[in-house]
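Here the structure is laid out as structure tokens; the discussion comes afterwards.
The values are calculated or read from the model by the stated rules, or taken from the named source; none is laboratory data. Note that the coordinates shown come from a computational prediction; the quantities given were computed from them, not determined experimentally. Please note: Cβ atoms are built from the backbone with ideal geometry, for glycine as well, and neighbour counts cover all protein chains shown. Calculation scope for accessible area: heavy atoms of the full protein, side chains included, ligands and nucleic acids excluded. Shrake-Rupley method; radii C 1.70, N 1.55, O 1.52, S 1.80 Å.
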Amino acid sequence: MTSPTNTGSLNSYLQLIGVRSLPKRTSPFDPGYDPATTESHLEQSAHLMSVLKISMACWQIAGEAATRKKIAAANRLGVKTCAGGGPFEVAATFGVVEKYLELCKDVGLTRFEAGQGFTHTNLKPAEICRLGEKIGLEVQYEIGEKHTGPMTPAQLKELIEEGKEWLGAGAVELVVEARESAQDVGLFDSTGKFNAAGADELVEALGMSKLMFEAPNKRSQFALLDHFGPEVGLCNIRLEELLRVEIYRRGLHSDAFRRDNLRPLGPKK
């Protein structure tokens, strides 16, 4: 079943005022919502979601029937699902990655996130990607650490090389770390200010289409959209904030309407 979309009067009006037709470039996350909440958001916004991340390790300790129900709802509505990177790091630390990936496949997930945000293990990108392919899962890789502060210029260059290796091995996307705060981590300094130059360096080296920037709050979401425009990939968006991000992306938010790179084009003359 394909995802729902606006095909009637709503879509006609948006076309009239020149709202851009955009690919799905937002990956929201479920940090442990109940199945009814997750399914309701999917029914409302599946047509706007690139991938739904079933985040952190919450899905592993929730009732298994509830976890399976949420993932099944996403699959039914045509939305890919991805396990967050934390459980992968735990599995890698204990040497049980294959068992973990088999679990992801068993509960219905379509993708997993690999990374070393809070652990240091000897990951071999080609080996991990081959294992994902064998089990039938896509791979995305998170670049950046959770506890070491903002990326320095030297770290940025290292992460670019790391990202290239994972893409070359078969990872479908790279995620730029920002945690749940977008402050003192990744591309954000201790005050939450966005490092636009660093983001540009990542895009130039790795490609906009392969990058998803974590943007967990309004300030980080708007900063990335203001800087890059509507094509930028955003993730770590709470389900209840997805529509706010998408109206901003389309220039329908009052702050975005003032920006030439986001504002709707207006009726055709």
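Observations on the model:
- In segment 246-269, the residues that are open to solvent by 20 Å² or more (accessible area, probe 1.4 Å), within 14 Å of residue 14 (Cα to Cα) and in a loop (DSSP other than H, G, I, E, B): 250, 252, 253, 263, 265, 266, 267, 268
- Output for segment 208-244, where each listed residue is small (Gly, Ala, Ser) and over 20 Å from residue 151 (Cα atoms): 209, 229
- Hits in segment 142-154 - residues which are within 14 Å of residue 116 (Cα to Cα) and open to solvent by 30 Å² or more (accessible area, probe 1.4 Å): 145, 146, 147, 148
- Set 225, 243, 167, 159: member being within 17 Å of residue 28 (Cβ to Cβ), open to solvent by less than 60 Å² (accessible area, probe 1.4 Å) and assigned to a helix (DSSP H, G or I): 225
- Only residues that are open to solvent by 40 Å² or more (accessible area, probe 1.4 Å) and either basic (Lys, Arg) or under 24 Å from residue 87 (Cα atoms) (or both) were counted in segment 16-35, giving 5.
- Of residues in segment 102-141 being under 25 Å from residue 201 (Cβ atoms) and modelled with pLDDT under 95, the one surrounded by the fewest Cβ atoms within 10 Å (Cβ to Cβ): 120
- In segment 67-84, the qualifying residues are those that are aliphatic (A, V, I, L, M) and out of contact with any Ser or Thr (no Cβ under 7 Å at 6 or more places or on another chain), and the one that is nearest to residue 39 (Cα to Cα) is 72.
- Within segment 154-180, the set of residues being without any contact (Cβ under 8 Å) to a residue 40 or more places away in the chain and out of contact with any strand residue (DSSP E or B) (no Cβ under 8 Å at 6 or more places or on another chain) comprises 154, 155, 157, 158, 161.
- Candidate set from segment 88-101 (those that are surrounded by 13 or more Cβ atoms within 10 Å (Cβ to Cβ) and among the aromatic types (Phe, Trp, Tyr)); member that is nearest to residue 57 (Cα to Cα): 88
- Residue selection: residue 24 satisfies the criterion of being touching a strand residue (DSSP E or B) at 6+ places or on another chain (Cβ under 7 Å) and part of a loop (DSSP other than H, G, I, E, B).
- Listed by first and then second residue, the pairs with beta-carbon distance under 8 Å, at least 6 apart or on different chains, first residue in segment 209-222 and under 10 Å from residue 233 (Cβ atoms), second part of a strand (DSSP E or B) and charged (D, E, K, R), are 210/173; 211/173; 212/173.
- Taken over segment 171-201, the criterion of being part of a strand (DSSP E or B) and acidic (Asp, Glu) is satisfied by 173 alone.
- Count of segment 181-208 residues which are under 17 Å from the mean Cα position of the chain (by Cα), in contact (Cβ under 8 Å) with a residue 40 or more places away in the chain and open to solvent by 10 Å² or more (accessible area, probe 1.4 Å): 1
- Residue list for segment 49-74, filter: in contact with a Phe, Trp or Tyr (Cβ under 7 Å, 6 or more places away or on another chain) and closer than 12 Å to residue 107 by Cβ: 67
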